[in-house]
1. Find which of 148, 79, 48 sits farthest along the positive direction of the dipole of the chain, computed with +1 on the beta-carbon of Lys and Arg, -1 on that of Asp and Glu, about the Cα centre.
2. Could you work out Rg/(2.2 N^0.38 Å) for the chain, with Rg from alpha carbons only?
3. Taking the chain as a Gaussian network, Cα atoms linked when under 10 Å apart, which of 172, 212, 145 shows the biggest mean-square fluctuation?
4. What is the range 146-235 by shape, rounded, prolate or oblate, if you read a ≥ b ≥ c off the alpha carbon gyration tensor as root eigenvalues and call it rounded for a/c under 1.5, prolate for a/b larger than b/c, and oblate otherwise?
5. When the helices in the chain are scored as -39500 (n - 2.57) per DSSP H run of 4 or longer and the sum is shared across all residues, what 222 nm value do you end up with, to the nearest 500 deg cm²/dmol?
6. Report the charge-dipole magnitude of the chain in Debye, nearest 20, computed about the Cα centre from +1 at each Lys and Arg Cβ and -1 at each Asp and Glu Cβ.
7. Considering only DSSP beta bridges whose two residues both sit in the chain, what percent are antiparallel, to the nearest 5?
8. Residues with amide H under 5 Å of residue 180's amide H, sequence separation 5 or more or different chain, H placed in the peptide plane at 1.01 Å from N; which?
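The values are calculated or read from the model by the stated rules, or taken from the named source; none is laboratory data. Not measured: the values here are computed from a predicted model. All Cβ positions, even for glycine, are placed from backbone atoms using ideal geometry, and neighbour counts span all protein chains on display. Accessible surface areas use protein heavy atoms only, side chains included; no ligands, DNA or RNA. Shrake-Rupley method; radii C 1.70, N 1.55, O 1.52, S 1.80 Å.
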Amino acid sequence: MEIAEHIETLEREGRLLVAAAESAGTGAAVPTCPGWRVRDLLRHTGMVHRWAAAFVAEGHTSYHADEGEPDLDGAELLGWFRAGHRRLVDTLTAAPADVVCWSFLPAPSSLAFWARRQAHETTVHRADAESARDGTADAVAAIAPEFAVDGIDELLLAFHAREKSRVRTDRPRVLRVRATDTGTVWTVRLSSGPPVSERGETADADCELAGPAARLYLSLWNRQPFPSVTGDESPAALWREKSAVTWR
């Protein structure tokens, strides 16, 4: 996907997120994030938006700590979120293509990294906000299959390729992920080290997760149940137990 497409998605998803949050109310529980209320979701995502924008706008070339979450609630919190989301979208839109700043996953450029990462960050949290509004993770607005495939790529080929991934097993296993609507397939080799993932059916699988790309995207981010699990279910259970990506 192009940078402009990621920025356009980020803008739309942020608007959907805050609309769902406002409808649910900041005190509503977030079913997809046990223990969180909508206020926690808005504080976290708004903080991340400001943190990301600072790298691009200020050109930090090494890690720069976030500014923390505000002690805001209600309409004031909603307004704060909207302002930070607008700042991030405007910063990415105005940034030169060759801007250089810190990032933490492989990407063609710093700008490509931050546009992609924040588009997916915001989309997953939009699903969280809609789960709070609707009381279920199943009734989320559409996610384009191509964008979902891009997000699965980011999660499997980048996030969980890092040493900090906890998806590990002493007994090597192979997990297949198959998007039934796009025909995209990933092979994930699980071992005592970080998962090694690649596109295609490159090894015999012990377990296969299959379903529409958008459903797989949300289920791999632990927002929905897996659409279909065949074969040995233990790799799927391992993913569910160990794959959560935490802020700290």
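1. Farthest towards the positive end: 48.
2. Numbers: Rg = 17.9 Å, N = 248, 2.2 N^0.38 = 17.9 Å.
Compared with the compact-globule rule of thumb, the chain sits at 1.00.
3. With Cα springs under 10 Å in the chain, the top fluctuation among 172, 212, 145 is at 172.
4. Numbers: a/c = 1.55, a/b = 1.29, b/c = 1.21.
Prolate.
5. On the way: 7 runs with 115 residues, N = 248.
Value at 222 nm, helices only, nearest 500: -15500 deg cm²/dmol.
6. On the way: 28 positive and 36 negative charges, 94 e Å.
Magnitude of the dipole: close to 440 debye.
7. Numbers: 15 of 20 bridges.
Close to 75 percent.
8. 211, 213
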